[in-house]
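*Asks:* I'd like to ask you about the structure that follows.
The values are calculated or read from the model by the stated rules, or taken from the named source; none is laboratory data. Just so we're clear, the structure is a prediction, and the values are computed from it rather than from any experiment. Every residue, glycine as well, gets a Cβ built from its backbone with ideal geometry; the counts of neighbours run over all protein chains shown. The protein model used for the area step is the full one, side chains on, heavy atoms only, and it has no ligands, DNA or RNA in it. Shrake-Rupley method; radii C 1.70, N 1.55, O 1.52, S 1.80 Å.
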Amino acid sequence: QVQLDESGGGLVQAGGSLRLSCAASGSIFRINAMGWYRQAPGKERELVAAITSGGITNYGDSVKGRFTISRDNAKNTVYLEMNSLKPEDTAVYYCNMKGALAVINYWGKGTLVTVSS
């Protein structure tokens, strides 16, 4: 079974930066989109950024211009560089990988990002 291992979360001050990483292990089968979602307590999970196998990216409106998503297909890894962090970015960040088939949809356990004022 596929497992997604996230790292890089932590506590930072507003205006600071963090880099999240997510590496997939196990039986990787035709992963297309890789992405990051986030969820704060009492809030719905929302898209932060996504990237296709062809390098096409999509960002949530609140992070455009501040976050950058990238991937290393050889390492089955997706990254999220987070700059100019704001307190409103505080959330648990989840790694996600999808394939063409509905059954290919994997989630990481989440990593907490806390941005102080």
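*Asks:* Are any residues in the range 47-60 closer than 13 Å to Tyr37 by Cα and of a type outside the set (Gly, Ala, Ser), and if so, which ones?
*Replies:* The first filter runs over the range 47-60 and keeps only residues closer than 13 Å to Tyr37 by Cα, leaving 47-51, 58-60.
Matches in the range 47-60: Leu47, Val48, Ile51, Asn58, Tyr59.
*Asks:* Which residue out of Gly42, Gly65 is under 23 Å from Ser17 (Cα atoms), part of a loop (DSSP other than H, G, I, E, B) and open to solvent by 70 Å² or more (accessible area, probe 1.4 Å)?
*Replies:* Values: Gly42 fails: under 23 Å from Ser17 (Cα atoms).
Of the residues listed, the single one that is under 23 Å from Ser17 (Cα atoms), part of a loop (DSSP other than H, G, I, E, B) and open to solvent by 70 Å² or more (accessible area, probe 1.4 Å) is Gly65.
*Asks:* Please list, ordered by first then second residue, the pairs with beta carbon atoms under 6 Å, 6 or more apart or interchain, first in the range 31-48 and farther than 16 Å from Lys98 by Cα, second basic (Lys, Arg) and modelled with pLDDT of 95 or more.
*Replies:* Note: pairs meeting the criteria are Gln39/Arg45.
*Asks:* Out of the residues in the range 45-62 that are part of a loop (DSSP other than H, G, I, E, B) and charged (D, E, K, R), state the one that is least open to solvent (accessible area, probe 1.4 Å). Can you show your working first?
*Replies:* Taking the range 45-62 and keeping what is part of a loop (DSSP other than H, G, I, E, B), we get 45, 52-56, 60-62.
Still in the running and charged (D, E, K, R): 45, 61.
Working: Arg45: 95, Asp61: 125 Å².
Filtering first and then ranking leaves Arg45.
*Asks:* Any residue in the range 64-75 that's closer than 12 Å to Ala24 by Cβ: show its pairings with residues that are crowded, with 16+ Cβ neighbours inside 10 Å at Cβ separation under 6 Å, as long as the two are six or more apart or on different chains.
*Replies:* Arg71/Met34; Arg71/Ile51; Arg71/Val78
*Asks:* Can you report the number of residues in the range 1-16 which are out of contact with any Gly (no Cβ under 9 Å at 6 or more places or on another chain), surrounded by 14 or more Cβ atoms within 10 Å (Cβ to Cβ) and not in a loop (DSSP other than H, G, I, E, B)?
*Replies:* 1
*Asks:* For Leu85, state whether it is surrounded by 14 or more Cβ atoms within 10 Å (Cβ to Cβ) and not in a strand (DSSP E or B). Lay out the reasoning, then the answer.
*Replies:* Values: surrounded by 14 or more Cβ atoms within 10 Å (Cβ to Cβ): yes; not in a strand (DSSP E or B): yes.
Taking the combined requirement at face value, the residue satisfies it.
*Asks:* Might you let me know whether the range 89-111 holds any residue that is loosely packed, with under 13 Cβ neighbours inside 10 Å and closer than 21 Å to Ser62 by Cα?
*Replies:* No: the range 89-111 contains no residue that is loosely packed, with under 13 Cβ neighbours inside 10 Å and closer than 21 Å to Ser62 by Cα.
*Asks:* Return the residues of the range 68-82 that are of a type in the set (A, V, I, L, M, F, W, C) and surrounded by fewer than 20 Cβ atoms within 10 Å (Cβ to Cβ); say none if nothing qualifies.
*Replies:* From the range 68-82, those of a type in the set (A, V, I, L, M, F, W, C) are 69, 74, 78, 80, 82; that's our starting set.
Listed by number, the list holds a single entry, Ala74.
*Asks:* Working only within the range 96-114, note down all residues that are part of a strand (DSSP E or B), in contact (Cβ under 8 Å) with a residue 60 or more places away in the chain and more than 17 Å from Lys43 (Cα to Cα). Can you show your working first?
*Replies:* Initial filter on the range 96-114 (part of a strand (DSSP E or B)): 96-99, 105-107, 111-114.
From what's left, in contact (Cβ under 8 Å) with a residue 60 or more places away in the chain: 96-99, 106-107, 111-114.
Passing the criteria: Asn96, Met97, Lys98, Gly99, Tyr106, Trp107.
*Asks:* In addition: Part of a strand (DSSP E or B), at pLDDT 95 or above and open to solvent by less than 70 Å² (accessible area, probe 1.4 Å), is that true of Arg19?
*Replies:* Working: part of a strand (DSSP E or B): yes; at pLDDT 95 or above: yes; open to solvent by less than 70 Å² (accessible area, probe 1.4 Å): no.
Here the answer is no, as Arg19 does not meet what is asked.
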